[in-house]
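What follows is one structure encoded as structure tokens, with my remarks underneath.
The values are calculated or read from the model by the stated rules, or taken from the named source; none is laboratory data. Computed from a predicted structure; not experimentally measured. Here the Cβ positions follow ideal geometry from the backbone for every residue, glycine too, while neighbour counts run over all protein chains shown. For the accessible areas, the whole protein counts, side chains as well, though only heavy atoms, and no ligand, DNA or RNA atoms are used. Shrake-Rupley method; radii C 1.70, N 1.55, O 1.52, S 1.80 Å.
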Amino acid sequence: MAKRSVSILNRLLANPSSPFTAPTRSITYMPRPGDGAPRTVTLIPGDGIGPLVTGAVEQVFEAMHAPVHFERYEVRGNMRKVPEEVMESVKRNKVCLKGGLATPVGGGVSSLNMQLRKELDIFASLVNCINVPGLVTRHENVDIVVIRENTEGEYAGLEHEVVPGVVESLKVITKFCSERIARYAFEYAYLNNRKKVTAVHKANIMKLADGLFLESCREVAKAYPGITYNEIIVDNCCMQLVAKPEQFDVMVTPNLYGNLIANTAAGIAGGTGVMPGGNVGAEHAIFEQGASAGNVGNDKIVEQKKANPVALLLSSAMMLKHLQFPTFADRLEVAVKQVIREGKWRTKDLGGDCTTQEVVDAVIAALD
Amino acid sequence: MSRRSLTLLKNLTRNTNTSCNQTRSVTYMPRPGDGSPRAVTLIPGDGIGPLVTNAVEQVMEAMHAPIYFEKYDVHGEMSRVPAEVMESIRKNKVCLKGGLKTPVGGGVSSLNVQLRKELDLFASLVNCFNLPGLPTRHENVDIVVIRENTEGEYAGLEHEVVPGVVESLKVITKFCSERIAKYAFEYAYLNNRKKVTAVHKANIMKLADGLFLESCREVAKKYPGITYNEIIVDNCCMQLVAKPEQFDVMVTPNLYGNLVANTAAGIAGGTGVMPGGNVGADHAVFEQGASAGNVGKDKIVRENKANPVALLLSSAMMLRHLQFPSFADRLETAVKRVISEGKCRTKDLGGQSTTQQVVDAVIANLE
């Protein structure tokens, strides 16, 4: 009996299509007639590694024959504002995929990333930080979704120089924005079967500002009795994130804390090169690399073409789900995860030495 | 070494059993407001209908699914579907129903067919597949039968020429054939299916089924990635019971679709477990996949032993249609777990449980 089990085990492990690979959906998605018609998506390649990784997405979509076609627009970080035609295109298509736009440090030009989000009122930014099987990290069991308010808070951009040498920067928190981000976070948790929402704040110091944020979260929490709600101060939160990340599920935060928490969580789960995410508003959605979306990489990566396309590929899978093409999203995710799990094609930030194109070819080969 | 491999093997197989719980790791990012509850028209129907629709209601409650039902009583002997029911369906766009009995013989036309005609639900879809844990004589079955729902032999155009002679018209139009073919290929495209098979009898009914085939061929040209072939319906029935793994998506006119769907459902486990629905350009009605007009025998109704699985899986399809994919996944996982465990099965699956016991098992397995 034991001898036979050795051979069975060998056969199971040798067979790559064993039951441990991605399960296929047997109950199907019954589309409405006409659901297969191609959708238009605005594509903004951006700066630095942006064109490299968006090129990767375009190639994979072609290979999949996904019902998406891209309208490409060149936007650079040093432009003063996003061109009219681009805004019109995004407003028309409702969905946009973008690489990063470089934000010059110092005064003068405001961030185009922020401008895009403010104009389209894209108030929720979402990053899903999760351990990818096959990618070894110091932390296990990480599956955190950081939902961050995108339009106000510390990034309101309201600064002025009172007298030379003295600058005031306003942090604005409104009930309206806090309520809607809290509502979005709880609705997200409800629709994705998540059990816990944690509000991150610093209300012991900023009693009124973050206090208002917390009040809004508590009110919304009452409407969702099935979801656990708790609060955590942001400094303790950062410490808990690196000590025991498995205690966190969905985290809702104002703007600045969200930026930092999202990047920390992305880092512990494998790096900003692999985490998917996006920004969503009432009518529009922009998908980009999950955390650190403004990071356009350094010149060396651009020259050697070694940027990691995984984050944008997984974000484009989220985009496909958002556009209601779940099978294409599943195929893309399965292919990407297989490539990472096999470990042969990894870019520098994951410990390998491949170029972007090699990873893309591996993903296309892994599509089924 | 061999002893360790035995425990390793046991661990692996235990993990595969629990891995039928597929968690989606890249999540569904909803639009704000996507979580607000949707209204769905509910028609319990006749016979086992109220029993199985009640099962769905209980499970939806337990899941806190964001839908609420507007219940309407319709019975098979009514002469037509009441106006308020039609209005409700037109407003909600989605309906869940149990079977409506169709009296045999002349007089009252089938209310099931009437509903489909008035809402122009031109595509009927049944997904017949082997459920893990349910042994059948055929393995590897995963067939989707897409059947034209509004014309063909069921057009309902009959008349008695002279006493003792009746003519029944089978009407096939290019318009309807084209749209069902388009739906079938679009379905295959969106669900990553590789093959579409058209079922016909054009060697005999050269013009009628020939027109159907022409429409399918035209649409097939637009989908070069999907294999298209044709099969005559009698051969098809034989192949279904001999080698069902050769079929993937099948597109058929009305009558053949009825028969092929019931055959495929039968080989894969019975009409009590196959999900399905009817969809049109604006509306969708979900019901038991195959044999939807079957309202069961009185004995099953009395003993409350109807199989709720088909309607539960159809309501999972409905949840996906309404864009609540994680609720659909939870429901399907729970139902499949109950079936694979094998402890709570109704009579048609070889067990002895009542409907309520199966429902309780599903609710207990929800996570």
If you go through the stretch B:225-255, how many residues are assigned to a helix (DSSP H, G or I) and open to solvent by 10 Å² or more (accessible area, probe 1.4 Å)?
-> 11
Might you let me know whether the stretch B:302-315 holds any residue that is modelled with pLDDT of 90 or more, assigned to a helix (DSSP H, G or I) and of a type outside the set (A, V, I, L, M, F, W, C)?
-> yes
Selection from the stretch B:159-174 of residues that are more than 14 Å from B:Pro253 (Cα to Cα) and among the β-branched types (Val, Ile, Thr) | B:Val161, B:Val162, B:Val165, B:Val166
Pairing a residue in the stretch B:189-203 that is facing chain A (nearest Cβ under 10 Å) with any residue that is open to solvent by 10 Å² or more (accessible area, probe 1.4 Å) and assigned to a helix (DSSP H, G or I), where Cβ atoms lie under 7 Å and the two sit 6 or more apart in sequence or on different chains, gives B:Leu190/A:Thr327; B:Asn191/A:Thr327; B:Asn192/A:Thr327; B:Asn192/A:Arg331
Candidate set from the stretch B:347-358 (those that are in contact (Cβ under 8 Å) with a residue 12 or more places away in the chain and under 11 Å from B:Asn307 (Cβ atoms)); member that is surrounded by the most Cβ atoms within 10 Å (Cβ to Cβ) | B:Val358
Given the residues A:Asn150, A:Asn141, which is the only one that is open to solvent by 70 Å² or more (accessible area, probe 1.4 Å), of a type outside the set (D, E, K, R) and within 13 Å of chain B (Cβ to nearest Cβ)?
-> A:Asn141
Only residues in the stretch B:321-346 that are touching a residue at least 60 places away in the same chain (Cβ under 8 Å) and within 11 Å of chain A (Cβ to nearest Cβ) count as the first member; pair them with residues that are open to solvent by less than 40 Å² (accessible area, probe 1.4 Å) and hydroxyl-bearing (Ser, Thr, Tyr), Cβ under 6 angstrom, at least 6 apart or cross-chain, and list the lot.
-> B:Pro325/B:Tyr28
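Here's the yes/no breakdown for (1) within 19 Å of A:Phe123 (Cα to Cα); (2) charged (D, E, K, R); (3) at pLDDT 95 or above:
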site: A:Val167; (1), (2), (3): no, no, no
site: A:Ile173; (1), (2), (3): yes, no, no
site: A:Cys177; (1), (2), (3): yes, no, no
site: A:Ala189; (1), (2), (3): yes, no, no
site: A:Arg194; (1), (2), (3): no, yes, no
site: A:Thr198; (1), (2), (3): yes, no, yes
site: A:His201; (1), (2), (3): yes, no, no
site: A:Tyr224; (1), (2), (3): no, no, no
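Residues that are more than 10 Å from chain A (Cβ to nearest Cβ) and under 27 Å from B:Met29 (Cβ atoms): does the stretch B:306-316 have at least one? Before you say what the answer is, go through the steps one by one.
Pass one, the stretch B:306-316, residues more than 10 Å from chain A (Cβ to nearest Cβ): B:306-312, B:315.
Then drop every residue that is not under 27 Å from B:Met29 (Cβ atoms), which leaves B:315.
Yes, that holds for at least one residue.
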Among the candidates B:Asn11, B:Asn17, B:Asn21, which residue alone is at pLDDT below 55, over 22 Å from A:Asp330 (Cα atoms) and within 14 Å of chain A (Cβ to nearest Cβ)?
-> B:Asn11
Does the stretch B:282-304 include one or more residues that are under 23 Å from A:Tyr190 (Cα atoms) and acidic (Asp, Glu)?
-> no
Could you give every pair whose Cβ atoms fall below 7 Å, whose first residue belongs to the stretch A:76-88 and is farther than 15 Å from A:Leu43 by Cβ, and whose second residue is open to solvent by 60 Å² or more (accessible area, probe 1.4 Å) and assigned to a loop (DSSP other than H, G, I, E, B), counting only separations of at least 6 or pairs across chains?
-> A:Gly77/A:Thr103
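For residues that are in a loop (DSSP other than H, G, I, E, B) and away from chain A (no Cβ under 11 Å), scanning just the stretch B:274-301, find the one that is nearest to B:Pro244 (Cα to Cα). Steps first, answer last, please.
Step one: of the stretch B:274-301, the residues in a loop (DSSP other than H, G, I, E, B) are B:274, B:280-283, B:289-297.
Applying the additional criterion that residues be away from chain A (no Cβ under 11 Å) yields B:290-297.
Working: B:Ala290: 17, B:Ser291: 19, B:Ala292: 22, B:Gly293: 25, B:Asn294: 24, B:Val295: 27, B:Gly296: 27, B:Lys297: 29 Å.
Residue satisfying both the conditions and the ranking: B:Ala290.
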What do you reckon, is A:Ala362 part of a loop (DSSP other than H, G, I, E, B) and either β-branched (Val, Ile, Thr) or away from chain B (no Cβ under 14 Å) (or both)?
-> no
Restricting to the stretch A:41-81, what's the tally of residues that are crowded, with 23+ Cβ neighbours inside 10 Å and basic (Lys, Arg)?
-> 0
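Is it true that some residue in the stretch A:272-280 is surrounded by fewer than 24 Cβ atoms within 10 Å (Cβ to Cβ) and of a type outside the set (Val, Ile, Thr)? Please lay out each step first, then the result.
To start, the set of residues in the stretch A:272-280 that are surrounded by fewer than 24 Cβ atoms within 10 Å (Cβ to Cβ) comprises A:272.
Narrowing further to those that are of a type outside the set (Val, Ile, Thr): none.
Within the stretch A:272-280 (the criterion being surrounded by fewer than 24 Cβ atoms within 10 Å (Cβ to Cβ) and of a type outside the set (Val, Ile, Thr)), the answer is no, since none of the residues qualifies.
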Just checking, which of B:Cys95, B:Cys128, B:Cys176 is open to solvent by less than 10 Å² (accessible area, probe 1.4 Å) and touching a Ser or Thr at 6+ places or on another chain (Cβ under 7 Å)?
-> B:Cys95
